[in-house]
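The values are calculated or read from the model by the stated rules, or taken from the named source; none is laboratory data. From a predicted model like this one, the values you see are computed outputs, not experimental measurements. Quick reminder, even Gly has a Cβ in these numbers, built from the backbone with ideal geometry, and neighbours come from all protein chains shown.
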């Protein structure tokens, strides 16, 4: 690998692979089961990854967010995971939202000019965490894996079979 342009798409694609592996056998109802009180269910994690990518890509590129303000409020970093599944999009809509956001993220990353990697992050981004546009790109794969980890905990508490390392 010669650059971040080689590394990040692979990490994002691995996240998509893990998403498919860890959610494919879940029922619609299981998307909304919390593993413990005050934790996040699968539905919130999926929506959160999608809206986070949407807002980060918009910030980096200067473009508009593709997902609605309501979705950003429902799944944003300061949002509360709700038990009432009727407050959320359906499982199918969540999966589509995730996959569309991921496709846009990879497309925008592939078009991103590496010469801008060290440009300052947009105003309002905490400079201690995100001093540059490149630092925002770099958090995207890490961020998804934090939340995919939460999905694995949800699976374990539902008694789901292991999908990696089994056998």
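Points to keep in mind about this one:
- Exactly one residue among 134, 124 is crowded, with 17+ Cβ neighbours inside 10 Å, over 17 Å from the mean Cα position of the chain (by Cα) and modelled with pLDDT under 95, and that residue is 134.
- Within region 60-75, one or more residues are in contact (Cβ under 8 Å) with a residue 60 or more places away in the chain, touching a helix residue (DSSP H, G or I) at 6+ places or on another chain (Cβ under 9 Å) and surrounded by 12 or more Cβ atoms within 10 Å (Cβ to Cβ).
- Within this structure, residue 53 fails the test of being out of contact with any helix residue (DSSP H, G or I) (no Cβ under 6 Å at 6 or more places or on another chain), in a helix (DSSP H, G or I) and either in contact (Cβ under 8 Å) with a residue 60 or more places away in the chain or farther than 15 Å from residue 104 by Cα (or both).
- Residue list for region 26-48, restricted to those being outside any loop (DSSP other than H, G, I, E, B) and within 15 Å of the chain's Cα centre (by Cα): 42, 43, 44, 45, 46, 47, 48
- Taking region 130-141 as the range and being in contact with a helix residue (DSSP H, G or I) (Cβ under 7 Å, 6 or more places away or on another chain) and in a loop (DSSP other than H, G, I, E, B) as the test, only 130 passes.
- Residue-level check: of (1) farther than 14 Å from residue 90 by Cβ; (2) not in a helix (DSSP H, G or I), residue 13 misses just (2).
- From the list 150, 108, 144, 156, the one residue that fits, being farther than 19 Å from residue 54 by Cα, in contact with a helix residue (DSSP H, G or I) (Cβ under 9 Å, 6 or more places away or on another chain) and either touching a residue at least 40 places away in the same chain (Cβ under 8 Å) or surrounded by 17 or more Cβ atoms within 10 Å (Cβ to Cβ) (or both), is 150.
- Looking only at region 84-117, and only at residues there that are outside any helix (DSSP H, G or I) and modelled with pLDDT of 95 or more, the one that is farthest from the chain's Cα centre (by Cα): 84
- In region 14-50, the residue that is surrounded by the fewest Cβ atoms within 10 Å (Cβ to Cβ) out of those that are under 17 Å from residue 101 (Cα atoms) and out of contact with any helix residue (DSSP H, G or I) (no Cβ under 7 Å at 6 or more places or on another chain) is 17.
- Every condition in (1) surrounded by fewer than 21 Cβ atoms within 10 Å (Cβ to Cβ); (2) within 30 Å of residue 116 (Cβ to Cβ) is met by residue 92 except one, and the failing one is (2).
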